[in-house]
Amino acid sequence: MPILSVMISAANIPSEAAAMQFTALAARICETTLHAAADKVQIQLLATVVPPHGRDAYMELRYRESANRNESVMNTYMEQIEKASADLLGIAQPRIRCFPQQSNQLFARN
């Protein structure tokens, strides 16, 4: 964790180069702003059959809840990821949702 899932209409998928740049920047934002370990960050860009309802892209971040990921930090994260989306994906206002998960409610493997 954290896991950032970005859902974009197949018609709006960026070039491979732009997608790679976005993925790298999104990972860096997780590492610097959320203080996530590099080997724990997961980023996935997913093409949808039809456009996400309401916005050109939907971004969902699931992350492990901790005291240093407070409202101020999460607002900074959302500002940074929104700018990365505009600059690299060409999507100025993606719908962004962040969901903290308590460690005792998380079960994972690999």
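A compact table of results
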{"item": "Dipole of the range 20-110, positive end: most advanced residue of Leu46, Phe22, Ala57 [Cβ charges, Cα centre]", "result": "Leu46"}
{"item": "For Ala36, distant residues with modelled amide H under 5 Å away", "result": "Glu31"}
{"item": "Estimated 222 nm signal from helices in the chain, with DSSP H stretches of n ≥ 4 weighted -39500 (n - 2.57), rounded to 500", "result": "-9500 deg cm²/dmol"}
{"item": "DSSP-defined beta bridges in the range 3-105 - what % are antiparallel, rounded to 5", "result": "30"}
{"item": "Whole-number percent relative contact order across the chain, with pairs defined as alpha carbons under 8 Å at least 6 apart", "result": "36"}
{"item": "Loop sites in the range 7-86: GluC sites (Glu not before Pro), DSSP, at most 15 other Cβ within 10 Å", "result": "Glu65"}
{"item": "From phi via Karplus (6.51, -1.76, 1.60), per-residue ³J(HN,Hα) for the range 7-21 in Hz, x at Gly/Pro", "result": "9, 9, 4, 3, 5, 10, 4, x, 4, 4, 4, 5, 4, 5, 5"}
{"item": "Positive dipole terminus of the chain, leading residue within Leu106, Leu89, Ser72 (C-beta point charges)", "result": "Leu106"}
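Quick note: the coordinates plus some simple rules give every number you see, no bench work behind them. Keep in mind the model is a prediction, meaning the values are calculated, not measured. Neighbour counts are summed over all protein chains in view; Cβ atoms, including those assigned to glycine, are modelled from backbone coordinates with ideal geometry.
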